[in-house]
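My structure is below; once you've seen it, I'll send some questions.
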């Protein structure tokens, strides 16, 4: 398996976007949690304060997003070992004709219903 990690140089780092859940608390405060990252949570008296604290937390921890590109192992499809196994069978043509006749009969039966 080959693994490729794509990163950006410090001078071209794109801005990170986070989806944040804002919740009003029973005590009147507000909590802010980064969705998918429950460790990144803050609270405040107002929504703005909770978000400011969350931004500070994110900046302190300096999260980094990288893209992993993983090549899957090259394996043969499990059905490939059966491909062409009947090509030299003298009855193969007869079997195909039988299958075609059965399908035609099923189609006719379905049309008359």
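The values are calculated or read from the model by the stated rules, or taken from the named source; none is laboratory data. Every value quoted in this text rests on a predicted model; they were computed, and no experiment measured them. Please note: Cβ atoms are built from the backbone with ideal geometry, for glycine as well, and neighbour counts cover all protein chains shown.
Criterion first (within 30 Å of the chain's Cα centre (by Cα), farther than 30 Å from residue 21 by Cβ and assigned to a loop (DSSP other than H, G, I, E, B)) does residue 76 satisfy it?
It is true that residue 76 is within 30 Å of the chain's Cα centre (by Cα), farther than 30 Å from residue 21 by Cβ and assigned to a loop (DSSP other than H, G, I, E, B).
Which residue, of 3, 21, is in contact with a strand residue (DSSP E or B) (Cβ under 7 Å, 6 or more places away or on another chain), at pLDDT 90 or above and on the phi < 0 side of the Ramachandran plot?
Step by step, each of 3, 21 is checked, and only 21 is in contact with a strand residue (DSSP E or B) (Cβ under 7 Å, 6 or more places away or on another chain), at pLDDT 90 or above and on the phi < 0 side of the Ramachandran plot.
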